[in-house]
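Student: Right, I'll just put the structure down here and ask away after.
The values are calculated or read from the model by the stated rules, or taken from the named source; none is laboratory data. Because the structure is predicted, anything quoted here is derived from the model rather than measured. We place every Cβ from the backbone using ideal geometry, glycine too, and count neighbours over all the protein chains shown. Ligands, DNA and RNA are excluded from the accessible area calculation, which covers all protein heavy atoms including side chains. Shrake-Rupley method; radii C 1.70, N 1.55, O 1.52, S 1.80 Å.
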Amino acid sequence: MFVDSHCHLNYAGLVEDQASVLARARDAGVATMLNISTREREWGDIIATAEREADVWASVGIHPHEADAHPAVETARLVAMAAHPRVIGIGETGLDYYYDHSDRDRQRASFRAHIAAARETGLPLIVHTRDAEEDSAAILAEEMAKGAFPGVIHCFTASADFARIALDLGLYISISGIATFKNAKDLQATAKTIPEDRLLIETDAPFLAPVPHRGHTCEPAFVADTARFLADLRGVSIEELGRATSANFFALFGKARA
């Protein structure tokens, strides 16, 4: 019934007992998971997990926190790795000015290199943005003008204005367990307005466990709780929301469908 469009199965908290994590996800109705990479040294393990598990797919990318540690992110290297049959997305990439773990110019250069790889491969760009709406929007618009590419704003927490910009650029928006938090009123208001055919759901596991699991390690099974909350918020059945978000995932990540 559900797709977890963004999780980190090889991160501490999940990787130690990955088989049980996957079993609980399947029991919860999660039929597909996209295992996201954030550093080059992870790529081999993440792809190996996708090779081993038929319902798990992989991405290749460098998180903006890691941009300084990857000073020469090469589009060609991303493109070459993306040729693997189990790799279906480019990222996560983007801008994070909240923590500023990497130089902002380096983050912006890395972001553009990933966009070029998404454009060249046709694989969706998986975008992280935090406290960087203006620059994220500008780069996405500038690069889209050079040639269209598919993509998703993952773990959306930005403004309603940024949501409109992303949607106008043809991007999808993915909602995480943050939407279930009682202080997330603005995000909840935005989540109600996302067109049904552009909405994805995710956990970002092992982070951001939704209500009623706050304080625990998040895992892909919990995407069902976020789906239940969003279905109620949007006034639809959980079955309808599950069908729509799953169909949207395979529309965006067409390599997995094929």
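Student: Tally Lys/Arg at +1 and Asp/Glu at -1 over every other residue whose Cβ is under 11 Å from the Cβ of Ala209; what's the total? All intermediate terms of the calculation are to be shown ahead of the outcome.
Tutor: Numbers: positive: Arg214; negative: Asp204, Glu219, Asp225.
Computed value for this residue: -2.
Student: Below 13 angstrom from the Cβ of Glu143, what's the summed charge of the other residues (Lys, Arg +1; Asp, Glu -1)?
Tutor: Working: positive: Arg108, Arg112, Arg119, Lys146; negative: Glu120, Asp135, Glu142.
Value of the local net charge: +1.
Student: Could you list the chymotrypsin sites (Phe, Trp or Tyr not before Pro) in segment 168-258 that lie in coil according to DSSP, counting only those with at most 16 other Cβ atoms within 10 Å of their Cβ?
Tutor: Details: sites: Tyr172, Phe181, Phe207, Phe222, Phe229, Phe249, Phe250, Phe253; in loops: Phe181, Phe207, Phe253.
Those that pass, being in a loop and sparsely packed, are Phe181, Phe207.
Student: Moving on to the next point. Using only alpha carbon pairs under 8 Å that are at least six residues apart, calculate the relative contact order of the chain and give it in whole percent.
Tutor: Numbers: 547 pairs, mean separation 53.2, N = 258.
For the chain, the relative contact order is 21 percent.
Student: What are the trypsin sites (Lys or Arg not before Pro) within segment 105-214 that DSSP puts in a loop, where the Cβ has at most 13 other Cβ atoms within 10 Å? Don't skip to the end; give the middle numbers.
Tutor: Numbers: sites: Arg106, Arg108, Arg112, Arg119, Arg130, Lys146, Arg164, Lys182, Lys185, Lys192, Arg198, Arg214; in loops: Lys182, Arg214.
Answer by residue number: Lys182, Arg214.
Student: I would also like to ask the following. When the label point is put 7 Å from the Cα of Glu240 along its Cα-to-beta-carbon vector, which residues of segment 180-196 have a backbone N closer than 17 Å?
Tutor: Output list for this probe position: 191-196.
Student: Helix-derived [θ] at 222 nm for the chain: sum -39500 (n - 2.57) over DSSP H runs of at least 4, divide by residue count, nearest 500? Write down the numbers at each step before the final one.
Tutor: On the way: 10 runs with 109 residues, N = 258.
Calculated mean residue ellipticity at 222 nm is -13000 deg cm²/dmol.
Student: Would you mind pulling out the separation of the Cα centroids of segment 198-258 and segment 103-182, in Å?
Tutor: 19
Student: Something else now. Any idea what % of Cα-Cα pairs in segment 121-218 are farther than 23 Å? If you can, show how the numbers build up before the last one.
Tutor: Working: 1221 of 4753 pairs.
Tail of the P(r) past 23 Å holds 26 percent of the pairs.
Student: May I pose another question? Within straight cross-link reach of Lys182, meaning Cα distance under 20 Å, which lysines are found once same-chain residues fewer than 8 apart are removed?
Tutor: In chain and number order, the partners are Lys192.
Student: If the cut-off is a Cα-Cα distance under 24 Å, which lysines reach Lys255, setting aside same-chain residues fewer than 8 apart in sequence?
Tutor: Lys146
Student: Further question on the same structure: Got a number for carbon plus sulfur as a percent of the chain's accessible area, 1.4 Å probe?
Tutor: Numbers: 5300 of 10560 Å².
Roughly 50 percent, rounded to a whole number.
Student: Please go through segment 6-54 and write out the trypsin sites (Lys or Arg not before Pro) that DSSP classes as loop and that have at most 15 other C-beta atoms within 10 Å.
Tutor: On the way: sites: Arg24, Arg26, Arg39, Arg41, Arg52; in loops: Arg39.
Those that pass, being in a loop and sparsely packed, are Arg39.
Student: Relative to the present Cα-Cα distance, how much length would full extension add between Asp68 and Arg26 at 0.36 nm per residue of separation? The partial results should precede the final answer.
Tutor: Numbers: separation 42, 0.36 × 42 = 15.12 nm, distance 3.69 nm.
Result: 11.4 nm gained on full extension.
Student: Divide, for the chain, the radius of gyration over alpha carbons by 2.2 N^0.38 Å, where N is the residue count.
Tutor: Working: Rg = 16.6 Å, N = 258, 2.2 N^0.38 = 18.1 Å.
Working it through for the chain, the quotient is 0.92.
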